[in-house]
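Asks: Next up is a structure, given as structure tokens.
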Amino acid sequence: MRKLILIILFAIILPLKSFGQSFNDFNLPDLEGNDIKLSELLEKGPVMISFWATWCSPCKEEMKKVSPLYDKYKDQGFTYLAVNQDNQKSLAKVKSFITANGYKFPVVLDTDKGVFEAYNGIGIPYSLLIDQNKNIVAKHLGYVTGDEEIIEKEIKDALSKSDSKSDSK
């Protein structure tokens, strides 16, 4: 019952909190210390930003299910960008977690939670799909098995819009 109440609250709060939300560019360090800029990733195609932490089980489940989607669609311009929310104490676990799972998607560190706050984050996992026109076309708060099917459809839709954009050039 408690879970149902939380889901209902999130269903009400998320749309209200995201009203008028727009694209916010950012530049964050990856696990090697290289800067990753969102607008540069968007030049290639749609980007799914996923806010996560090593202590968050649903986050880890989402990553496990979305990683194959990244592998499947990255050559078409799609990027899955994992934006880590760990604090300084648990930051050391991030790189070993990514390496141990063999993840190939980019991972950046948002240690001050500035990007999370700029995108009105209220809980994790929290994911946004941004198309090449810098429109937020999908949002997900939380993760349950099966969500990856919805996410894949959203990725395909965003990629088809990217294709039509490049066809018109």
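Read-outs: derived from the displayed coordinates by stated rules, not from any lab. Just so we're clear, the structure is a prediction, and the values are computed from it rather than from any experiment. For neighbour counting, all protein chains shown are included, and Cβ atoms are generated from backbone atoms with ideal geometry for every residue, glycine included.
Asks: How high is the relative contact order of segment 52-169, in percent, with contacts defined as C-alpha pairs under 8 Å that are six or more residues apart? Mind showing how you got there, number by number?
Replies: Values: 123 pairs, mean separation 33.2, N = 118.
Relative CO of segment 52-169 lands at 28 percent.
Asks: Then there's this: Rounded to two decimals, what is Rg over Rh for segment 50-169 when you use alpha-carbon atoms and the Kirkwood radius? Each step should come with its number before you reach the end.
Replies: Working: Rg = 14.5 Å, Rh = 14.9 Å.
Answer for segment 50-169: 0.97.
Asks: While we're here: When the Cα centres of segment 65-92 and segment 117-167 are compared, how far apart do they sit, in Å?
Replies: Cα centroid to Cα centroid, the span is 13 Å.
Asks: What does the convex hull of the alpha-carbon atoms of segment 103-167 project to on average, in nm²? Walk me through the numbers on the way to the answer.
Replies: Numbers: hull surface 22.1 nm².
That works out to 5.5 nm², a quarter of the Cα hull's surface.
Asks: Label-point separation (nm) for residue 101 and residue 44, each offset 7 Å from Cα along Cα-to-Cβ?
Replies: It is 1.9 nm.
Asks: Now for a different question. Got a sec? How would 86, 112, 157 order by Cβ neighbour count within 10 Å, fewest to most?
Replies: Numbers: 86 19, 112 11, 157 15.
Lowest to highest Cβ neighbour count: 112, 157, 86.
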